[in-house]
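Just below is one structure, and these are the notes that go with it.
The values are calculated or read from the model by the stated rules, or taken from the named source; none is laboratory data. None of these values were measured; they are calculated from a predicted model. Here the Cβ is made from the backbone with ideal geometry for all residues, glycine too, and neighbour counts use every protein chain on show.
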Amino acid sequence: MSFRPEGSPASVDICICTYRRLYLEQTLRSLVALDLPDGLEARVIVADNDVQPSARELVRAVSLALPFELRYIHCPASNISLARNACLDAADGDFLAFVDDDSTVSPGWLAELVETAEITGADAVLGPVRAVYSSSAPGWMRRGDFHSTEPVWVDGKIRTGYSGNVLLRRASPHVESRRFNLALGRTGGEDTEYFSQLHRAGGRIAYARDAIVYEPVTATRERFSWLAKRRFRSGQTHGRLLAQRHAQLPQACLAATKAVFSFSAVLAFAAIPHRRNRQALRGLMHVGVVSGLLGLREIHLYGDEPAKERTHAA
């Protein structure tokens, strides 16, 4: 497989936002095994979102083993949108790909994303994020696979996305000037909003099912409480987006009805833990939708430091 044989090579900036996470080393080292076909070139951008440039030395050390150019950017502090926007501003390739700093990529990951973008002409291409559970994870959690991420289709279309495994066409009019909302940089949901707005503006989102990223589930995330917080916050984001386009009261009543139905189903599946917990989490998500529709404050998922509107290239 090759890209653009009659023209210049396709270039991709692989963007990784990080915040005090040592697993970043594994993420970067997984890029060494990327299988890039002829006509596809890559560069790596790491955006460090800590107050202090805590990832600088790790990035410099690992860069010696990478076959790609690596650029480190210090963009304090504790606002994931700020880091994502720093990557968007620093990128100069035909495409840019986001992967999280707690994940590793499969060898064919980048080639699959770019090939899908070239074939479909899509503005954004999502790939699956596969959860990797340890033996200490609860059996119901492993059986239900609650941490993996794939897109949701509505009427045959993908209407929103996520930043853990995505490729963006940089010159797309739906990408070129679009940035992540700084106000959501500590609550989360900034990527849901970004891709929802991209879709509503006419941008197309495709899916590359073989562009796989792996995400180990840490001990902190092996808890129902962690999943509950994430589902509730996800619901808040969805509710806030609904409020921008629909009357709030009817949508809130609908979400509340769905929550009651989900919580009632918990009793029906009481003897089947993974199905019981899935219904409970679904109910919490719908409660979050009501919260978002009513404009209640969204919970914070990222950091405790105040964000600053500046970046430093190193």
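Restricting to the stretch 210-236, count the residues that are in contact with an Asp or Glu (Cβ under 8 Å, 6 or more places away or on another chain) and outside the structural domain of Ser136 (by TED's automatic domain parsing).
Residues that pass the stated criteria total 2.
Condition first: assigned by TED's automatic domain parsing to the domain that holds Arg29, surrounded by fewer than 21 Cβ atoms within 10 Å (Cβ to Cβ) and acidic (Asp, Glu). Can you find one or more residues in the stretch 118-130 that meet it?
Checked against the condition, which is being assigned by TED's automatic domain parsing to the domain that holds Arg29, surrounded by fewer than 21 Cβ atoms within 10 Å (Cβ to Cβ) and acidic (Asp, Glu), the stretch 118-130 yields at least one hit.
Would you check if there is a residue in the stretch 146-162 being more than 13 Å from the chain's Cα centre (by Cα), buried (at least 18 other Cβ atoms within 10 Å of the Cβ) and modelled with pLDDT of 95 or more?
The answer is yes, given that some residue of the stretch 146-162 is more than 13 Å from the chain's Cα centre (by Cα), buried (at least 18 other Cβ atoms within 10 Å of the Cβ) and modelled with pLDDT of 95 or more.
Tell me, yes or no, whether the stretch 258-275 has at least one residue that is modelled with pLDDT of 95 or more, outside the structural domain of Gln197 (by TED's automatic domain parsing) and surrounded by 20 or more Cβ atoms within 10 Å (Cβ to Cβ).
yes
Kindly indicate whether Val105 is under 19 Å from Gly127 (Cβ atoms), in contact (Cβ under 8 Å) with a residue 40 or more places away in the chain and out of contact with any Ser or Thr (no Cβ under 6 Å at 6 or more places or on another chain).
In short, no.
Between a residue in the stretch 55-82 that is within 15 Å of Leu31 (Cα to Cα) and any residue that is modelled with pLDDT of 95 or more and aromatic (Phe, Trp, Tyr), which pairs come within a Cβ distance under 7 Å, given they are 6 or more apart or on different chains?
Val59/Tyr72
Tell me whether the stretch 216-236 contains one or more residues that are of a type in the set (S, T, N, Q) and buried (at least 21 other Cβ atoms within 10 Å of the Cβ).
Yes.
(1) within 20 Å of Ala208 (Cα to Cα); (2) surrounded by fewer than 21 Cβ atoms within 10 Å (Cβ to Cβ): which one isn't true of Ile14, the others all being true?
Unmet for Ile14, out of (1) within 20 Å of Ala208 (Cα to Cα); (2) surrounded by fewer than 21 Cβ atoms within 10 Å (Cβ to Cβ): (2).
Only one residue in Ala137, Ala201 is over 18 Å from the mean Cα position of the chain (by Cα) and either outside the structural domain of Phe98 (by TED's automatic domain parsing) or within 23 Å of Thr104 (Cα to Cα) (or both). Which one?
Unique residue meeting the criteria: Ala137.
Which number in (1) of a type outside the set (S, T, N, Q); (2) closer than 18 Å to Glu150 by Cβ; (3) more than 15 Å from the chain's Cα centre (by Cα) marks the one condition that Ile119 misses?
For Ile119, the failing item is (2).
Quick check on the stretch 221-229. Is at least one of its residues in contact with a Phe, Trp or Tyr (Cβ under 7 Å, 6 or more places away or on another chain) and over 30 Å from Gly93 (Cβ atoms)?
Looking for residues that are in contact with a Phe, Trp or Tyr (Cβ under 7 Å, 6 or more places away or on another chain) and over 30 Å from Gly93 (Cβ atoms), one finds at least one in the stretch 221-229, hence yes.
Is it the case that Phe95 is in contact (Cβ under 8 Å) with a residue 40 or more places away in the chain and surrounded by fewer than 22 Cβ atoms within 10 Å (Cβ to Cβ)?
In short, no.
Residues to consider are Asp100, Asp89; find the one that is closer than 23 Å to Glu150 by Cα and either in contact (Cβ under 8 Å) with a residue 60 or more places away in the chain or not assigned by TED's automatic domain parsing to the domain that holds Tyr19 (or both).
Sole residue among the options that is closer than 23 Å to Glu150 by Cα and either in contact (Cβ under 8 Å) with a residue 60 or more places away in the chain or not assigned by TED's automatic domain parsing to the domain that holds Tyr19 (or both): Asp100.
Quick check on my filter: what residues within the stretch 50-77 are in contact with a helix residue (DSSP H, G or I) (Cβ under 9 Å, 6 or more places away or on another chain) and either hydroxyl-bearing (Ser, Thr, Tyr) or on the phi > 0 side of the Ramachandran plot (or both)?
Result: Ser63, Tyr72.
Just checking, does the stretch 18-27 include any residue being surrounded by fewer than 18 Cβ atoms within 10 Å (Cβ to Cβ), modelled with pLDDT of 95 or more, in the same structural domain as Ile119 (by TED's automatic domain parsing) and touching a Lys or Arg at 6+ places or on another chain (Cβ under 7 Å)?
no
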